[in-house]
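Worksheet for the structure shown next.
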Amino acid sequence: MSINEKSRAYGAQKSSIREIAAYAGARKAQIGAENVFDFSLGNPSIPAPDSVRASIERCLALPATQLHGYTPASGLPAAREAVAASLSRRFGEGAASADDLYLTCGAAASLSITFHAVVNPGDEVIVIAPYFPEYRVWIETAGATCVEVLADPQTFQIDVAAVEAALTARTKAVVINSPNNPVGSVYSRGNLEALAAVLAKAEARLGTAIYLVADEPYREITYGAEVPWVPSVYDRSIVCYSYSKSLSLPGERIGWVLVPPTNPDHDELVLAVAGAGRKLGFVCAPALFQRVLIDCVDEPSDVEAYARNRQALTEGLARLGYEFIAPEGAFYLWVKALEPDASAFFERAKALELLPVPSDSFGCPGWVRVGYCVSYETIVNSLPAWEELAKSYR
Ligand code: PLP
């Protein structure tokens, strides 16, 4: 009997980010953690806020059957109400109500659910390259084709004309991620408005509905830039979120999908999101962390440590002559490789115990992603190796 070939292939391929992280782990065991500069994974290096621990301790006082019991498929009403109230405080009265939200196991589930909720076989979903590599897996698994459109190569904002050229009668959705992994860019209001205008024009021309999926796990991790609220720019939007980065809870798997009340297809989409959750078996997000949200939903992200790392890394690499995109958000630095082949550049870096991620993994040649959600010491201590790497190209 044959097994599912596509699933087997995804299992066999592995994510190159995780492969580099696994190599880093093995290398640290060989030569000592302090001698390996692992910039591969986006695992937050700052602890979750104290209020998360306090909330967990409070929750532990609940009767065990309640604490560990199932919740409704879309999440506890009180947790959804807390999230909705927070969104309405931040983005305007009525930005969300509890019934617009479906709690999930992190942004990964939010995105899978969203794609399964909107696409039919043969549809196309546009992603802005460079992009988080798992998008392709989730889009294809939902039955659609992943169409890559390169960002503007100078600014790494959305190249709106290129998106317009890629839109077809089969385009069902465009995915954007701002603040961006892997570049650290934040899309400006003007850029998003231009995209919204192009999508609206295409909908009218083609007689179709095009959804704008905003993947926002880094929304709160910024260094001063405004992150516009996408539903206020484009009506047919869906927001995917998680607390993996903002509250440093990636292993706890908690996030949500929001179908904004302004989405013209709201009622049907809310049903489709619930149905996609059911279809995928993604019902009832972790109950303990649903309860933590009730207490911690407005807890600010502690971006100070990332800001300090960002400064040390950008100043250090600029001094050594590296070119990079000044990050406005998230915790990644997008550095130009010193030769056209990013994988060859990575191999040279690796020989010096420097472990960024080559940009080919993100659908864009010629760069590496340096995740600076590491200790400050890792950044400072890595600079001599970056210097040696640069010298090797002179
Ligand atoms: N989207 C982007 C852009 C990410 O960087 C990540 C994780 O790194 C995810 C989605 C998945 O997030 P989660 O861990 O909450 O599933």
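The values are calculated or read from the model by the stated rules, or taken from the named source; none is laboratory data. This structure is a prediction, so every number in the text was calculated from the model and none was measured. Using ideal geometry, Cβ is built from the backbone for each residue, glycine included, and neighbour counts are taken over all protein chains shown. Heads up: the accessible areas ignore ligands, DNA and RNA and are worked out on the full protein's heavy atoms, side chains in. Shrake-Rupley method; radii C 1.70, N 1.55, O 1.52, S 1.80 Å.
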- Between the stretch 104-164 and the stretch 26-91, how many Å separate their Cα centres? 26
- Note on the structure: Quick calc: nm separation of the 7 Å Cα→Cβ label points for Glu34 and Thr208 -> 5.7
- Percent antiparallel among DSSP beta bridges confined to the chain, rounded to 5, stands at 45
- Ser246: net charge of surrounding residues, Cβ under 13 Å, Lys/Arg +1, Asp/Glu -1, itself excluded? -3
- Query: Applying the Karplus parametrisation 6.51 cos²θ - 1.76 cosθ + 1.60 with θ = phi - 60° to the phi angles of the stretch 133-142, what ³J(HN,Hα) value in whole Hz is obtained for each residue in order, glycine and proline being reported as x?
  - Reply: x, 5, 3, 4, 4, 5, 5, 5, 5, 6
- Query: What is the Rg over Rh value, at two decimals, for the stretch 51-296, using alpha-carbon atoms and the Kirkwood definition of Rh?
  - Reply: 0.97
- Message: What does the extension gain come out to for Gln66 and Thr168, with contour length at 0.36 nm per residue minus their alpha carbon separation?
- Response: 31.8 nm
- Item | Relative contact order, percent, the stretch 51-296 [alpha-carbon distance under 8 Å, six or more residues apart] | 29
- Message: If you average the alpha carbon positions of the stretch 216-246 and of the stretch 257-330, how far apart do those two centres end up, in angstrom?
- Response: 7
- Subtract the Cα-Cα distance of Lys279 and Ser392 from 0.36 nm times their separation in residues, and report this length gain in nm to one decimal. 35.4 nm
- Message: Suppose the Debye formula is applied to equal point scatterers at every Cα of the stretch 15-149; what is log10 I(q)/I(0) at q = 0.09, 0.11, 0.15 Å⁻¹?
- Response: -0.48, -0.71, -1.11
- Item | Partner aspartates and glutamates for Lys336 [C-alpha distance under 13 Å; skip if fewer than 8 residues away on the same chain] | Glu323, Asp360
- Once phi is turned into θ = phi - 60°, what whole-Hz ³J(HN,Hα) does the Karplus curve with 6.51, -1.76 and 1.60 give for every residue of the stretch 225-242, x standing for Gly and Pro? 6, 7, 10, x, 7, 4, x, 7, 9, 9, 5, 7, 10, 9, 10, 10, 9, 8
- Apply the Karplus parameterisation 6.51 cos²θ - 1.76 cosθ + 1.60, with θ equal to phi minus 60°, to every residue of the stretch 169-182 and state each ³J(HN,Hα) to the nearest whole Hz, in sequence, with x for glycine and proline. 5, 9, 5, 9, 7, 10, 9, 10, 9, 9, x, 9, 9, x
- Note on the structure: Spelling it out for Ala129: with amide H atoms placed in the peptide plane at 1.01 Å from N, the residues 5 or more places away or on another chain with amide H under 5 Å from its amide H are Val149, Leu150, Ala151
- Message: Looking at the chain, identify the longest residue range that excludes and avoids all chymotrypsin sites (Phe, Trp or Tyr not before Pro) in DSSP loops having at most 11 other Cβ atoms within 10 Å.
- Response: 71-392
- Eligible aspartates and glutamates near Lys391 by straight Cα distance, threshold 14 Å, same-chain separation 8 or greater: Glu339
- Positive minus negative residues near Pro384 (Lys, Arg vs Asp, Glu; Cβ under 11 Å): -2
- Item | the chain, helix-only ellipticity at 222 nm - DSSP H runs n ≥ 4, -39,500 (n - 2.57), divided by all residues, nearest 500 | -13000 deg cm²/dmol
- Average accessible surface area per residue within the chain, 1.4 Å rolling probe, Å²: 42
- Query: Which of the GluC sites (Glu not before Pro) found in the stretch 264-324 are in a DSSP loop and have at most 12 neighbouring Cβ atoms, other than their own, within 10 Å?
  - Reply: Glu323
- Once the other residues with Cβ under 15 Å from the Cβ of Val292 are scored (Lys, Arg +1; Asp, Glu -1), what is the net sum? -2
